[in-house]
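Okay, structure first, notes after.
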Amino acid sequence: MAEVGDKIPEVTLRTMTADGPKTVSSTEVLGSGKVVLFAVPGAFTPTCSDYHLPGFVIRADEFKAKGVSTVACVAVNDAFVMGAWGTAQNVGDDIVMLADGSGDFAKAMGLEFDLSAGGLGLRSKRYAAILEDGTITYLGVEPAPGLSVSSAEAVLAEL
């Protein structure tokens, strides 16, 4: 599992643009400046849609005020789903929605989570990280269902 002090892995991700899905490098989008990254098990799922993502949307200005250049959300979903979820949640330009369609980033971080028994397949654990020029300076992985160490409030307290 990734740890504080590790560099984020180099993985291909996708994001939705007006012209359709765009391929991006994880280090390109997350590796420069002060970045907040949070991962969710799945777009449109209850905790993710009702609490996790909205917390970061509501507090986007607070993150900027603390010097955060990018706030990004990653999930093991395709770019179309992540784009639609971002639109439904009114993220605008405040949150970069990253699709990890095959779970490659989750695996590279050592934070994959097998939810096959529930019909969801391989997903990402719920976590949040603070990155400084691509190096992890904070990593809060949820120990159980719910939000504690990966909420927007918890991350703001770490900045």
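The values are calculated or read from the model by the stated rules, or taken from the named source; none is laboratory data. Source: prediction; values computed, not measured. Cβ: placed from backbone, ideal geometry, glycine included. Neighbour counts: every protein chain shown.
Does any residue in region 35-62 that is basic (K, R) come within less than 7 Å, Cβ to Cβ, of a residue that is assigned to a helix (DSSP H, G or I) six or more places away or on a different chain, and which pairs are these?
Every condition considered, the pairs that remain are R59/A152; R59/L156.
Residues A117, A144, A152: which one is modelled with pLDDT under 95, closer than 26 Å to V4 by Cβ, of a type in the set (A, V, I, L, M, F, W, C) and out of contact with any strand residue (DSSP E or B) (no Cβ under 7 Å at 6 or more places or on another chain)?
Result: A144 is the single residue among A117, A144, A152 that is modelled with pLDDT under 95, closer than 26 Å to V4 by Cβ, of a type in the set (A, V, I, L, M, F, W, C) and out of contact with any strand residue (DSSP E or B) (no Cβ under 7 Å at 6 or more places or on another chain).
Part of a strand (DSSP E or B) and in contact with a Gly (Cβ under 7 Å, 6 or more places away or on another chain) - does that describe any residue in region 6-15?
Yes, that holds for at least one residue.
Kindly state which helices (runs of 4 or more DSSP H) lie completely within region 47-108 and contain at least 1 residues that are out of contact with any Cys (no Cβ under 6 Å at 6 or more places or on another chain) and modelled with pLDDT under 95.
Output list is empty.
Scan (1) farther than 17 Å from L30 by Cα; (2) touching a residue at least 24 places away in the same chain (Cβ under 8 Å); (3) surrounded by fewer than 21 Cβ atoms within 10 Å (Cβ to Cβ); (4) not β-branched (V, I, T) for the single condition P143 breaks and write down its number.
Failing condition for P143: (2).
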